[in-house]
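Heads up, the thing below is written out as structure tokens.
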Amino acid sequence: MLVDRRNGLKMFGLGAAGLILSAKSGLVSEALAQESPPIPVFKLPPLGYAFEALEPHIDAMTMTIHHGKHHAAFIGNLNGLVEKYRDLATLTPAAILKNPAQIPEAVRGPVRNNLGGHWNHSFFWELMTPGGAKEPGGDLKAAIASTFGSTDTMIEKMNAAGLARFGSGWAWLVVNKDGKLDIMSTPNQDTPLETGVKAVVIGVDVWEHAYYLKYQNRRAEYLKHWWMTVNWDKAAKNFAG
Ligand code: MN3
């Protein structure tokens, strides 16, 4: 059961109140059911490295706000949506995002935006790392060479997709539904999952909040530096599935 310590203590406190109530009225179970605070289903995943670890490419302030404010806001919003869409507590984000039509229409917009934001950012944090390999290895390298000719060409095409994204969104390297490496872009917090991809290999956030503090309007410069942070081991695992 997903009960953290704080809520466990709150529930214990309510339990004591309920026992007093039960001596008078016998309504303990109803009182607990109605007054227990909602249990948080979603939690902000840790970055896995320090906020300053990706300097000088991605600055510490950007990482602090991006993770602790932007991603945290999706988490808070999702916990507020669980009561309205109970599948959020039982299905995985990917299972829901693969088929957004299953989300009740009344909450589809907020669920897609916030669950997509949570999935995209969880993926993104793991795809960056200080140090590590500076280029793809093994099967991923061979597949990139086969599809694009070279890693540099793949990077150029993905940067072009990120630059062409008007407003906010993401650029992606995916294994498409035909089993081929492919580059795509999504608006807002839409994920590639709903397009039927077999795997999501690499994704880069091109919302202004991902780069504006350091790079201002220079999205191309941000993208150039962002590739220096890519966790190619993680990309290879994503490719392997
Ligand atoms: Mn973002």
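The residue of segment 134-154 that is most open to solvent (accessible area, probe 1.4 Å), among those that are touching a residue at least 60 places away in the same chain (Cβ under 8 Å) and in a helix (DSSP H, G or I), is D139.
Where helices (runs of 4 or more DSSP H) fall wholly inside segment 60-102, the ranges with 3 or more residues that are within 16 Å of the ligand (Cβ to nearest atom) and modelled with pLDDT of 95 or more are 60-65, 72-81. In segment 50-70, the condition of being surrounded by 15 or more Cβ atoms within 10 Å (Cβ to Cβ), out of contact with any strand residue (DSSP E or B) (no Cβ under 7 Å at 6 or more places or on another chain) and farther than 26 Å from Y215 by Cα is met by no residue. Residue count for segment 28-58 satisfying the condition of being in contact with a Leu (Cβ under 6 Å, 6 or more places away or on another chain) and modelled with pLDDT of 95 or more: 1. The residue list R112, R108 contains one member that is within 16 Å of the ligand (Cβ to nearest atom), open to solvent by 40 Å² or more (accessible area, probe 1.4 Å) and either modelled with pLDDT of 95 or more or closer than 21 Å to H209 by Cβ (or both), which is R112.
Every residue in segment 216-232 that is loosely packed, with under 14 Cβ neighbours inside 10 Å and of a type in the set (D, E, K, R), please.
R218, E221 - these are the residues of segment 216-232 that are loosely packed, with under 14 Cβ neighbours inside 10 Å and of a type in the set (D, E, K, R).
Residues in segment 197-215 that are open to solvent by less than 40 Å² (accessible area, probe 1.4 Å) and over 29 Å from M61 (Cβ atoms): V197, A199.
The values are calculated or read from the model by the stated rules, or taken from the named source; none is laboratory data. Note that the structure is predicted; figures quoted are calculated from it, not measured. Cβ atoms come from the backbone with ideal geometry, glycine included; neighbour counts cover every protein chain shown. What goes into the accessible areas is simple: the full protein's heavy atoms, side chains included, and nothing from ligands, DNA or RNA. Shrake-Rupley method; radii C 1.70, N 1.55, O 1.52, S 1.80 Å.
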